[in-house]
1. Given (1) touching a residue at least 12 places away in the same chain (Cβ under 8 Å); (2) open to solvent by 30 Å² or more (accessible area, probe 1.4 Å); (3) of a type outside the set (Ser, Thr, Tyr), identify the lone condition not met by Val240.
2. Of the residues that make up the stretch 224-240, is at least one assigned to a helix (DSSP H, G or I) and at pLDDT below 80?
3. Taking the stretch 154-179 only, how many residues are surrounded by fewer than 18 Cβ atoms within 10 Å (Cβ to Cβ), free of Cβ contacts under 8 Å to residues at least 60 places away in the same chain and not aliphatic (A, V, I, L, M)?
4. Of the conditions (1) modelled with pLDDT of 80 or more; (2) open to solvent by 30 Å² or more (accessible area, probe 1.4 Å); (3) part of a helix (DSSP H, G or I), Lys206 satisfies every one except a single condition; which number is it?
5. With respect to the numbered conditions (1) assigned to a helix (DSSP H, G or I); (2) under 21 Å from Phe17 (Cβ atoms), which one is the sole condition not fulfilled by Pro247?
6. Can you find a residue that is assigned to a helix (DSSP H, G or I) and modelled with pLDDT of 85 or more anywhere in the stretch 148-160?
7. If you check Trp216 against the conditions, is it surrounded by 17 or more Cβ atoms within 10 Å (Cβ to Cβ), in contact (Cβ under 8 Å) with a residue 40 or more places away in the chain and outside any helix (DSSP H, G or I)?
8. Return yes when Ser142 is modelled with pLDDT under 90, out of contact with any Leu (no Cβ under 6 Å at 6 or more places or on another chain) and surrounded by 18 or more Cβ atoms within 10 Å (Cβ to Cβ) and no when it is not.
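The values are calculated or read from the model by the stated rules, or taken from the named source; none is laboratory data. Since the structure is predicted, the reported quantities are computational estimates derived from the model, not experimental observations. With ideal geometry, Cβ positions are generated from the backbone for all residues, glycine too; neighbour counts draw on all protein chains shown. Accessible surface is based on the protein model in full, side chains and every heavy atom, while ligands, DNA and RNA are left aside. Shrake-Rupley method; radii C 1.70, N 1.55, O 1.52, S 1.80 Å.
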Amino acid sequence: CLRPVGAQYNGWLFALFAASIWLVQRSSFLTGSAAFAALVCSKHLFAVVGPVFAVHLARHAILARSRPWRAAAALGSVVAAVCAAAILPFHHSLVEMLQRLFPFDGRGLVHAYWAPNVWALYCFADRALAVLLRRKASGLSSTGGLVEDAAFAVLPPVSPRVTAIATLIALVPVCVAAWRSPHRFAHRVALGALVSFLLGWHVHEKAILTATVALWVDAVHQRVYCDEPPSRCFAPLSIVGSWTLFPLLFQPAEYGVM
């Protein structure tokens, strides 16, 4: 079991994530859909791989069946029932809940501890240009160490809409691959998670675990059922992804985990 490091990503959520991938990979579409719906209702950050799930299920769990409408109704009913059970108890405060789920105000492009993605390189380029051109940001610097909306000194600011558009465009090839072949579904989910990690808004450093866990599932499936080695990116991504999280374990009591 994964050791819970923070509230955003913890052991039981990743267990549910891995279970949903495994079930869909093994063609248990109804159970896998229910597990993924429960996962997203528990933590909406996992919705970033929702398009990959949706495309795979549409192509291989609905359109590939002899009675696609019946399959679609069954999947829709299961997902709707799980979402209703999770959301209806809070129907009186849906607006407030949605505002807390997507708090773009006061959250910058990058987290206080930069996730190693495209926007970290963008911020680094801005800081380097600021030093070379001797400019200062008009507001809080991206290296200020605070979870706030930072200002750029040289490069233009990036809005949440830009990151969303970039993420959706980059997800298109992944969804096309998921549409074409039912094999390696876990690998497609890992690619979708990597796309979101590299291009998403205010990505946490722990989000890399979403991709590595999906690759773990893919590696086990390839070895057990296909007698094939895991993806070549599995080992380097697991090692580097875990290494980047070590700064989070800075207390003496946590050194044993490292």
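1. Single failed check for Val240: (1).
2. Of all residues in the stretch 224-240, those assigned to a helix (DSSP H, G or I) come to 224-225, 234-240.
Next cut, at pLDDT below 80 only: 224-225.
Checked against the condition, which is being assigned to a helix (DSSP H, G or I) and at pLDDT below 80, the stretch 224-240 yields at least one hit.
3. Residues in the stretch 154-179 being surrounded by fewer than 18 Cβ atoms within 10 Å (Cβ to Cβ), free of Cβ contacts under 8 Å to residues at least 60 places away in the same chain and not aliphatic (A, V, I, L, M): 6 in total.
4. It is condition (2) that Lys206 fails.
5. So Pro247 meets the others, but not (2).
6. The first filter runs over the stretch 148-160 and keeps only residues assigned to a helix (DSSP H, G or I), leaving 160.
Then drop every residue that is not modelled with pLDDT of 85 or more, which leaves 160.
Yes; the residues of the stretch 148-160 include at least one that is assigned to a helix (DSSP H, G or I) and modelled with pLDDT of 85 or more.
7. Numbers: surrounded by 17 or more Cβ atoms within 10 Å (Cβ to Cβ): yes; in contact (Cβ under 8 Å) with a residue 40 or more places away in the chain: yes; outside any helix (DSSP H, G or I): no.
It is false that Trp216 is surrounded by 17 or more Cβ atoms within 10 Å (Cβ to Cβ), in contact (Cβ under 8 Å) with a residue 40 or more places away in the chain and outside any helix (DSSP H, G or I).
8. Yes; evaluated as a whole, the condition is true for this residue.
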